[in-house]
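A.B. asks: I have a structure here, written as C-alpha coordinates, and I will follow up with some questions on it.
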Amino acid sequence: MEMDQINGDAALKLPASIPKQRGRFLRRVLRDRWLYLMLGPGVIYFLLFKYAPMWGLLMSFKDYQPYLGFFGSKWVGLKHFERLFHDPAFWNLLKNTLVLAGYNIVFFFPAPILLSLMLNEVRREKFKRVIQTAIYVPHFVSWVVVVGIAYTFFTIDGGLVNEAIAAMGGSKINFLVSAEWFRTMITLEVIWKETGWGTIIFLAALSGVDPQLYEAARMDGAGRMRQLWHVTLPAIRSTIVILFILRLGTFLDTGFEQIFLMLNAINREVGEVFDTYVYTAGITQGQFSFSTAVGLFKSVVGFVLVIGSNWLAKKFGEEGVY
(Lines give C-alpha, C1' and ligand atoms only; values in the text may rest on other atoms or scores of the structure.)
Protein backbone atom coordinates (compact mmCIF):
# COMPACT_ATOMS: atom_id res chain seq x y z
CA MET A 1 0.00 0.00 0.00
CA GLU A 2 2.83 2.39 0.95
CA MET A 3 4.79 1.49 -2.20
CA ASP A 4 1.72 2.27 -4.35
CA GLN A 5 1.37 5.65 -2.65
CA ILE A 6 5.07 6.42 -3.18
CA ASN A 7 4.82 5.44 -6.85
CA GLY A 8 1.68 7.57 -7.22
CA ASP A 9 3.36 10.59 -5.62
CA ALA A 10 6.35 10.13 -7.87
CA ALA A 11 4.11 10.05 -10.94
CA LEU A 12 2.58 13.37 -9.88
CA LYS A 13 5.91 15.25 -9.70
CA LEU A 14 5.82 18.57 -11.55
CA PRO A 15 8.60 20.71 -13.03
CA ALA A 16 10.48 22.86 -10.48
CA SER A 17 9.68 26.02 -12.47
CA ILE A 18 6.02 25.88 -11.40
CA PRO A 19 5.27 28.01 -8.27
CA LYS A 20 4.68 26.03 -5.08
CA GLN A 21 1.03 27.05 -4.57
CA ARG A 22 0.08 26.41 -8.18
CA GLY A 23 1.98 23.15 -8.11
CA ARG A 24 -0.01 22.00 -5.08
CA PHE A 25 -3.24 22.78 -6.91
CA LEU A 26 -2.10 20.93 -10.04
CA ARG A 27 -1.11 17.89 -7.97
CA ARG A 28 -4.60 17.75 -6.48
CA VAL A 29 -6.14 18.01 -9.95
CA LEU A 30 -3.90 15.25 -11.28
CA ARG A 31 -4.62 13.07 -8.26
CA ASP A 32 -8.39 13.41 -8.69
CA ARG A 33 -8.34 13.66 -12.49
CA TRP A 34 -11.03 11.00 -12.96
CA LEU A 35 -13.43 12.84 -10.65
CA TYR A 36 -12.85 16.08 -12.58
CA LEU A 37 -13.38 14.19 -15.82
CA MET A 38 -16.75 12.94 -14.56
CA LEU A 39 -17.60 16.49 -13.47
CA GLY A 40 -16.84 17.84 -16.95
CA PRO A 41 -20.16 17.08 -18.75
CA GLY A 42 -22.19 18.72 -15.98
CA VAL A 43 -20.00 21.83 -15.98
CA ILE A 44 -20.21 22.08 -19.79
CA TYR A 45 -24.00 21.72 -19.65
CA PHE A 46 -24.40 24.57 -17.15
CA LEU A 47 -21.95 26.79 -19.03
CA LEU A 48 -23.72 26.29 -22.37
CA PHE A 49 -27.37 26.21 -21.32
CA LYS A 50 -27.45 28.22 -18.06
CA TYR A 51 -24.67 30.81 -18.06
CA ALA A 52 -24.10 31.54 -21.75
CA PRO A 53 -27.79 32.48 -22.37
CA MET A 54 -27.55 35.07 -19.56
CA TRP A 55 -25.81 37.30 -22.10
CA GLY A 56 -29.25 37.68 -23.70
CA LEU A 57 -30.51 39.52 -20.60
CA LEU A 58 -28.98 42.65 -22.12
CA MET A 59 -31.91 42.55 -24.53
CA SER A 60 -34.13 43.86 -21.73
CA PHE A 61 -32.14 47.12 -21.82
CA LYS A 62 -32.32 47.44 -25.63
CA ASP A 63 -35.05 48.08 -28.13
CA TYR A 64 -34.32 44.83 -29.95
CA GLN A 65 -35.08 44.72 -33.66
CA PRO A 66 -34.38 41.41 -35.45
CA TYR A 67 -33.19 43.10 -38.65
CA LEU A 68 -30.71 45.27 -36.69
CA GLY A 69 -29.39 42.36 -34.67
CA PHE A 70 -28.45 42.13 -31.02
CA PHE A 71 -25.57 44.61 -31.11
CA GLY A 72 -27.18 46.96 -33.62
CA SER A 73 -30.36 47.52 -31.62
CA LYS A 74 -30.72 50.77 -29.70
CA TRP A 75 -29.88 50.92 -25.98
CA VAL A 76 -32.93 52.21 -24.05
CA GLY A 77 -31.92 51.56 -20.42
CA LEU A 78 -34.83 50.96 -18.04
CA LYS A 79 -37.55 51.87 -20.54
CA HIS A 80 -39.10 48.38 -20.61
CA PHE A 81 -39.07 48.08 -16.81
CA GLU A 82 -40.82 51.43 -16.49
CA ARG A 83 -43.41 50.26 -19.00
CA LEU A 84 -43.89 47.03 -17.03
CA PHE A 85 -44.41 48.77 -13.69
CA HIS A 86 -46.77 51.38 -15.20
CA ASP A 87 -48.77 48.82 -17.17
CA PRO A 88 -52.34 48.60 -15.76
CA ALA A 89 -52.13 44.80 -16.08
CA PHE A 90 -48.97 44.56 -13.92
CA TRP A 91 -50.68 44.54 -10.52
CA ASN A 92 -53.23 41.97 -11.63
CA LEU A 93 -50.43 39.77 -12.99
CA LEU A 94 -48.49 40.16 -9.76
CA LYS A 95 -51.54 39.34 -7.63
CA ASN A 96 -52.42 36.24 -9.67
CA THR A 97 -48.83 35.02 -9.64
CA LEU A 98 -48.41 35.58 -5.89
CA VAL A 99 -51.71 33.87 -5.05
CA LEU A 100 -50.88 30.78 -7.14
CA ALA A 101 -47.33 30.71 -5.74
CA GLY A 102 -48.75 31.00 -2.22
CA TYR A 103 -51.11 28.10 -2.90
CA ASN A 104 -48.14 26.00 -4.00
CA ILE A 105 -46.14 26.87 -0.88
CA VAL A 106 -49.02 26.30 1.55
CA PHE A 107 -50.63 23.21 0.00
CA PHE A 108 -48.11 21.59 -2.34
CA PHE A 109 -44.78 21.99 -0.50
CA PRO A 110 -45.90 20.08 2.65
CA ALA A 111 -47.53 17.30 0.59
CA PRO A 112 -44.31 15.36 -0.25
CA ILE A 113 -43.19 15.69 3.38
CA LEU A 114 -46.44 14.24 4.73
CA LEU A 115 -46.46 11.46 2.12
CA SER A 116 -42.83 10.61 2.92
CA LEU A 117 -43.63 10.37 6.62
CA MET A 118 -46.53 8.03 5.89
CA LEU A 119 -44.43 5.86 3.57
CA ASN A 120 -41.70 5.71 6.19
CA GLU A 121 -44.16 4.06 8.57
CA VAL A 122 -44.90 1.23 6.11
CA ARG A 123 -43.02 -1.86 7.25
CA ARG A 124 -43.69 -4.24 4.33
CA GLU A 125 -40.98 -3.39 1.82
CA LYS A 126 -42.70 -4.94 -1.22
CA PHE A 127 -45.91 -3.01 -0.60
CA LYS A 128 -43.89 0.15 0.02
CA ARG A 129 -42.02 -0.20 -3.30
CA VAL A 130 -45.26 -0.75 -5.22
CA ILE A 131 -46.73 2.42 -3.71
CA GLN A 132 -43.57 4.39 -4.48
CA THR A 133 -43.56 3.26 -8.11
CA ALA A 134 -47.24 4.16 -8.50
CA ILE A 135 -46.84 7.68 -7.10
CA TYR A 136 -43.72 8.39 -9.21
CA VAL A 137 -45.55 7.75 -12.50
CA PRO A 138 -47.56 11.04 -12.72
CA HIS A 139 -44.32 13.05 -12.76
CA PHE A 140 -43.51 11.62 -16.21
CA VAL A 141 -46.93 12.49 -17.63
CA SER A 142 -46.97 15.68 -19.72
CA TRP A 143 -49.15 18.60 -18.71
CA VAL A 144 -51.19 18.13 -21.88
CA VAL A 145 -52.23 14.68 -20.66
CA VAL A 146 -52.82 15.93 -17.10
CA VAL A 147 -55.13 18.70 -18.32
CA GLY A 148 -56.88 16.17 -20.58
CA ILE A 149 -57.49 13.91 -17.57
CA ALA A 150 -58.79 16.88 -15.58
CA TYR A 151 -61.15 17.74 -18.44
CA THR A 152 -62.44 14.16 -18.51
CA PHE A 153 -63.14 14.16 -14.79
CA PHE A 154 -64.47 17.69 -14.31
CA THR A 155 -66.28 18.59 -17.55
CA ILE A 156 -69.94 19.43 -17.11
CA ASP A 157 -70.89 17.15 -20.02
CA GLY A 158 -70.49 13.65 -18.62
CA GLY A 159 -67.56 14.33 -16.30
CA LEU A 160 -67.18 11.78 -13.49
CA VAL A 161 -67.15 14.39 -10.70
CA ASN A 162 -70.19 16.27 -11.98
CA GLU A 163 -72.09 13.05 -12.58
CA ALA A 164 -71.40 12.04 -8.97
CA ILE A 165 -72.59 15.45 -7.74
CA ALA A 166 -75.76 15.13 -9.82
CA ALA A 167 -76.34 11.58 -8.55
CA MET A 168 -76.24 12.88 -4.96
CA GLY A 169 -78.87 15.50 -5.79
CA GLY A 170 -76.58 18.48 -6.25
CA SER A 171 -76.27 20.83 -9.21
CA LYS A 172 -73.38 20.46 -11.63
CA ILE A 173 -70.43 22.85 -11.34
CA ASN A 174 -68.56 24.06 -14.39
CA PHE A 175 -65.09 23.69 -12.83
CA LEU A 176 -63.15 24.20 -16.07
CA VAL A 177 -64.46 27.67 -16.90
CA SER A 178 -65.08 28.91 -13.37
CA ALA A 179 -62.87 31.74 -12.11
CA GLU A 180 -63.57 30.69 -8.51
CA TRP A 181 -62.30 27.13 -9.06
CA PHE A 182 -59.34 27.95 -11.33
CA ARG A 183 -56.65 28.26 -8.64
CA THR A 184 -57.93 25.22 -6.77
CA MET A 185 -57.82 23.16 -9.97
CA ILE A 186 -54.27 24.30 -10.74
CA THR A 187 -53.07 23.43 -7.23
CA LEU A 188 -54.77 20.02 -7.21
CA GLU A 189 -53.18 19.13 -10.55
CA VAL A 190 -49.72 20.11 -9.27
CA ILE A 191 -50.22 18.05 -6.10
CA TRP A 192 -51.35 15.00 -8.08
CA LYS A 193 -48.50 15.21 -10.58
CA GLU A 194 -45.48 16.16 -8.45
CA THR A 195 -46.10 15.01 -4.86
CA GLY A 196 -44.85 11.46 -5.43
CA TRP A 197 -41.70 12.60 -7.19
CA GLY A 198 -41.00 15.08 -4.39
CA THR A 199 -40.83 12.28 -1.82
CA ILE A 200 -37.53 10.96 -3.22
CA ILE A 201 -35.29 13.42 -1.37
CA PHE A 202 -37.25 13.20 1.89
CA LEU A 203 -37.26 9.38 1.86
CA ALA A 204 -33.50 9.46 1.27
CA ALA A 205 -33.12 11.76 4.29
CA LEU A 206 -35.37 9.51 6.39
CA SER A 207 -33.30 6.45 5.51
CA GLY A 208 -30.33 8.07 7.25
CA VAL A 209 -32.06 8.39 10.63
CA ASP A 210 -30.35 6.24 13.27
CA PRO A 211 -32.72 3.40 14.34
CA GLN A 212 -31.25 3.59 17.86
CA LEU A 213 -32.95 6.97 18.28
CA TYR A 214 -36.35 5.29 17.80
CA GLU A 215 -35.40 2.53 20.22
CA ALA A 216 -34.37 5.08 22.85
CA ALA A 217 -37.61 6.99 22.32
CA ARG A 218 -39.67 3.80 22.73
CA MET A 219 -37.81 2.96 25.94
CA ASP A 220 -38.74 6.41 27.23
CA GLY A 221 -42.40 5.64 26.51
CA ALA A 222 -42.80 7.63 23.30
CA GLY A 223 -45.56 6.49 20.97
CA ARG A 224 -45.62 6.75 17.17
CA MET A 225 -46.65 10.40 17.10
CA ARG A 226 -44.05 11.46 19.68
CA GLN A 227 -41.35 9.58 17.77
CA LEU A 228 -42.46 11.36 14.63
CA TRP A 229 -42.36 14.77 16.32
CA HIS A 230 -39.18 14.40 18.37
CA VAL A 231 -37.07 12.07 16.19
CA THR A 232 -38.18 11.96 12.55
CA LEU A 233 -38.96 15.63 11.90
CA PRO A 234 -35.81 17.00 13.58
CA ALA A 235 -33.74 14.54 11.53
CA ILE A 236 -35.03 15.92 8.20
CA ARG A 237 -35.44 19.55 9.30
CA SER A 238 -32.30 20.73 7.50
CA THR A 239 -33.45 19.03 4.28
CA ILE A 240 -36.84 20.74 4.55
CA VAL A 241 -35.21 24.14 5.09
CA ILE A 242 -32.85 23.78 2.12
CA LEU A 243 -35.63 22.66 -0.23
CA PHE A 244 -37.85 25.48 0.99
CA ILE A 245 -35.12 28.03 0.22
CA LEU A 246 -34.62 26.56 -3.25
CA ARG A 247 -38.38 26.59 -3.75
CA LEU A 248 -38.47 30.32 -3.03
CA GLY A 249 -35.94 30.83 -5.84
CA THR A 250 -38.66 29.82 -8.29
CA PHE A 251 -41.48 31.43 -6.30
CA LEU A 252 -42.83 33.42 -9.28
CA ASP A 253 -42.44 30.47 -11.69
CA THR A 254 -45.96 29.15 -11.59
CA GLY A 255 -45.53 27.11 -14.78
CA PHE A 256 -46.46 28.02 -18.32
CA GLU A 257 -47.84 24.87 -19.95
CA GLN A 258 -50.35 23.95 -17.28
CA ILE A 259 -51.81 27.42 -16.84
CA PHE A 260 -51.81 28.16 -20.58
CA LEU A 261 -53.79 24.97 -21.22
CA MET A 262 -56.27 25.77 -18.45
CA LEU A 263 -56.85 29.40 -19.44
CA ASN A 264 -59.99 30.56 -21.24
CA ALA A 265 -61.86 33.82 -21.71
CA ILE A 266 -63.82 33.44 -18.45
CA ASN A 267 -61.01 32.60 -16.01
CA ARG A 268 -58.27 34.73 -17.62
CA GLU A 269 -58.81 37.54 -15.11
CA VAL A 270 -57.61 35.28 -12.26
CA GLY A 271 -55.41 32.96 -14.32
CA GLU A 272 -53.12 35.27 -16.33
CA VAL A 273 -49.65 35.16 -14.75
CA PHE A 274 -46.18 36.41 -15.72
CA ASP A 275 -45.32 33.18 -17.55
CA THR A 276 -48.33 33.35 -19.87
CA TYR A 277 -47.95 37.13 -20.23
CA VAL A 278 -44.34 36.69 -21.42
CA TYR A 279 -45.54 34.22 -24.05
CA THR A 280 -48.29 36.58 -25.22
CA ALA A 281 -46.07 39.66 -25.35
CA GLY A 282 -42.85 38.01 -26.52
CA ILE A 283 -43.92 35.29 -28.95
CA THR A 284 -47.32 36.26 -30.30
CA GLN A 285 -46.71 40.04 -30.35
CA GLY A 286 -42.96 40.03 -31.04
CA GLN A 287 -42.04 42.28 -28.07
CA PHE A 288 -38.81 40.46 -27.32
CA SER A 289 -37.12 43.13 -25.20
CA PHE A 290 -40.21 43.74 -23.09
CA SER A 291 -40.78 40.03 -22.42
CA THR A 292 -37.08 39.66 -21.50
CA ALA A 293 -37.51 42.50 -18.99
CA VAL A 294 -40.45 40.65 -17.42
CA GLY A 295 -38.37 37.48 -17.15
CA LEU A 296 -35.47 39.40 -15.58
CA PHE A 297 -37.85 40.94 -13.04
CA LYS A 298 -38.97 37.44 -12.00
CA SER A 299 -35.36 36.27 -11.69
CA VAL A 300 -34.37 39.24 -9.53
CA VAL A 301 -37.31 38.62 -7.19
CA GLY A 302 -36.35 34.94 -6.90
CA PHE A 303 -32.71 35.87 -6.21
CA VAL A 304 -33.72 38.29 -3.45
CA LEU A 305 -36.01 35.67 -1.87
CA VAL A 306 -33.23 33.05 -1.87
CA ILE A 307 -30.71 35.44 -0.29
CA GLY A 308 -33.22 36.63 2.32
CA SER A 309 -34.52 33.18 3.26
CA ASN A 310 -30.97 31.79 3.44
CA TRP A 311 -30.01 34.63 5.80
CA LEU A 312 -33.04 33.93 7.98
CA ALA A 313 -32.25 30.21 8.04
CA LYS A 314 -28.74 30.91 9.30
CA LYS A 315 -30.15 33.31 11.90
CA PHE A 316 -32.26 30.45 13.29
CA GLY A 317 -29.28 28.08 13.36
CA GLU A 318 -29.94 26.11 10.19
CA GLU A 319 -27.30 25.30 7.56
CA GLY A 320 -28.86 27.10 4.62
CA VAL A 321 -27.87 26.64 0.99
CA TYR A 322 -24.43 28.26 1.28
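The values are calculated or read from the model by the stated rules, or taken from the named source; none is laboratory data. Owing to the predicted nature of the structure, the values given are computational and were not obtained by experimental measurement. Quick reminder, even Gly has a Cβ in these numbers, built from the backbone with ideal geometry, and neighbours come from all protein chains shown. Only protein heavy atoms, including side chains, enter the accessible area calculation; ligands, DNA and RNA are left aside. Shrake-Rupley method; radii C 1.70, N 1.55, O 1.52, S 1.80 Å.
A.B. asks: Which of Lys126/Lys314; Lys193/Lys314; Lys126/Lys193 have a Cα-Cα distance over 28 Å?
C.D. replies: Working: Lys126/Lys314 40 Å; Lys193/Lys314 32 Å; Lys126/Lys193 23 Å.
Long pairs (Cα-Cα over 28 Å): Lys126/Lys314; Lys193/Lys314.
A.B. asks: Computing the accessible area with a 1.4 Å probe over protein heavy atoms, can you report the carbon and sulfur percentage for the chain?
C.D. replies: Details: 13790 of 20610 Å².
About 67 percent, which is the carbon plus sulfur part of the accessible surface.
A.B. asks: Given the convex hull of the Cα atoms of region 21-110, what is a quarter of its surface area in nm²? Please report the intermediate quantities before stating the final value.
C.D. replies: Working: hull surface 48.4 nm².
Projected area, direction-averaged: 12.1 nm².
A.B. asks: Taking a ≥ b ≥ c as the square roots of the eigenvalues of the Cα gyration tensor of region 82-121, is the shape rounded (a/c under 1.5), prolate (a/b larger than b/c) or oblate? Walk me through the numbers on the way to the answer.
C.D. replies: Numbers: a/c = 9.24, a/b = 5.45, b/c = 1.70.
In terms of gyration-tensor shape, prolate.
A.B. asks: Given the peptides 113-122, 131-140, 56-65, arrange them by the average over their residues of other C-beta atoms within 10 Å, most packed first. Intermediate values should be presented prior to the final figure.
C.D. replies: On the way: 113-122: 16.0, 131-140: 13.5, 56-65: 17.8.
Answer by packing, highest mean first, reads 56-65, 113-122, 131-140.
A.B. asks: Then there is this: Give me the 1.4 Å probe accessible area per residue for region 246-322, excluding ligands and nucleic acids, in Å².
C.D. replies: 51
A.B. asks: Let me ask something additional. Only Lys, Arg, Asp and Glu count, each charged at its Cβ (+1, +1, -1, -1), so figure out the dipole size of region 176-235 about its Cα centre, rounded to 20 debye. Present the calculation step by step, with values, prior to reporting the outcome.
C.D. replies: Numbers: 5 positive and 6 negative charges, 19 e Å.
It works out to roughly 100 debye.
A.B. asks: How would Glu215, Glu189 line up by accessible area, probe 1.4 Å, largest first?
C.D. replies: Details: Glu215 95, Glu189 15 Å².
Order by accessible area, largest first: Glu215, Glu189.
A.B. asks: Shifting gears a bit: Would you look at the GNM of the chain, springs on alpha carbons closer than 10 Å, and say which of Met225, Met54, Met38 moves the most?
C.D. replies: With Cα springs under 10 Å in the chain, the top fluctuation among Met225, Met54, Met38 is at Met38.
A.B. asks: Could you do me a favour and compute the accessible area per residue for region 139-224, 1.4 Å probe, result in Å²?
C.D. replies: On the way: 4950 Å² over 86 residues.
I get 58 Å² per residue for region 139-224.
A.B. asks: Classify region 157-299: rounded, prolate or oblate, from the alpha-carbon gyration tensor (a ≥ b ≥ c, eigenvalue square roots; a/c under 1.5 rounded; otherwise prolate if a/b is larger than b/c)? Please report the intermediate quantities before stating the final value.
C.D. replies: Working: a/c = 4.07, a/b = 1.52, b/c = 2.68.
Since a/c reaches 1.5 but b/c is at least a/b, the shape of region 157-299 is classed as oblate.
A.B. asks: Step by step: find N for the chain, compute 2.2 N^0.38 Å, then divide the Cα radius of gyration by it. What's the final number?
C.D. replies: Numbers: Rg = 26.3 Å, N = 322, 2.2 N^0.38 = 19.7 Å.
So the Cα radius of gyration is 1.33 times the expected 2.2 N^0.38 Å.
A.B. asks: Please list Phe85, Phe316, Phe182, Phe251 from largest to smallest accessible area, probe radius 1.4 Å, with all protein chains kept in place. Don't jump to the answer; show the numbers that get you there.
C.D. replies: Working: Phe85 90, Phe316 165, Phe182 5, Phe251 45 Å².
Sorted by accessible area, descending: Phe316, Phe85, Phe251, Phe182.
A.B. asks: Further question on the same structure: What aspartates and glutamates sit close enough to Lys74 to cross-link, taking a C-alpha to C-alpha distance under 20 Å and skipping anything fewer than 8 places away on the same chain?
C.D. replies: Once the sequence-local aspartates and glutamates are set aside, what remains near Lys74 is Asp63, Glu82.
A.B. asks: Still on this structure, I have one more. Anything over 30 Å Cα to Cα? Flag those among Lys62/Lys95; Lys95/Lys128; Lys50/Lys128; Lys172/Lys298; Lys50/Lys79, in the order listed.
C.D. replies: On the way: Lys62/Lys95 28 Å; Lys95/Lys128 41 Å; Lys50/Lys128 37 Å; Lys172/Lys298 38 Å; Lys50/Lys79 26 Å.
The pairs that break the limit, which is 30 Å between Cα atoms, are Lys95/Lys128; Lys50/Lys128; Lys172/Lys298.
A.B. asks: Given charges of +1 on the Cβ of Lys and Arg and -1 on the Cβ of Asp and Glu, with all other atoms neutral, how large is the dipole of the chain about its Cα centre, in debye to the nearest 20?
C.D. replies: Numbers: 31 positive and 24 negative charges, 215 e Å.
With only Lys, Arg, Asp and Glu charged at Cβ, the dipole is about 1040 debye.
A.B. asks: Another one. Compute from the Cα atoms of region 99-226 the Rg and the Dmax, the latter being the longest Cα-Cα distance, and quote both in angstrom.
C.D. replies: Answer for region 99-226, Rg first and Dmax second: 19.1, 58 Å.
A.B. asks: Can you give the helix-only mean residue ellipticity at 222 nm for the chain, where every DSSP H stretch with n ≥ 4 adds -39500 (n - 2.57) and the sum goes over all residues, rounded to the nearest 500 deg cm²/dmol? Show your work: numbers first, answer last.
C.D. replies: On the way: 18 runs with 207 residues, N = 322.
Result for the chain, helices only: -19500 deg cm²/dmol.
A.B. asks: Expressed as a rounded percentage, what relative contact order does the chain have, with Cα pairs under 8 Å and six or more residues apart? The partial results should precede the final answer.
C.D. replies: On the way: 270 pairs, mean separation 71.6, N = 322.
Worked out over the chain, it gives 22 percent.
A.B. asks: Compare Glu318, Glu180 by solvent-accessible area with a 1.4 Å probe and give them largest first, with all protein chains kept in place. If you can, show how the numbers build up before the last one.
C.D. replies: On the way: Glu318 40, Glu180 145 Å².
Ranking Glu318, Glu180 by accessible area, largest first, yields Glu180, Glu318.
A.B. asks: Quick check on region 230-321: what are the equivalent-ellipsoid semi-axes from the Cα gyration tensor, as sqrt(5λ), descending, whole Å? Present the calculation step by step, with values, prior to reporting the outcome.
C.D. replies: Details: eigenvalues 238, 56, 14 Å².
Working through the eigenvalues yields semi-axes of 35, 17, 8 Å.
A.B. asks: Something else about it: What helices does the chain have that are whole DSSP H segments, at least 18 Å long along their own axis by Cα, and with mean Kyte-Doolittle hydropathy of -1.0 or more?
C.D. replies: On the way: long enough: 33-46 (20 Å, 1.03); 90-103 (20 Å, 0.70); 179-207 (43 Å, 0.71); 233-249 (24 Å, 1.74); 288-315 (41 Å, 1.09).
The answer, listed by residue number, is 33-46, 90-103, 179-207, 233-249, 288-315.
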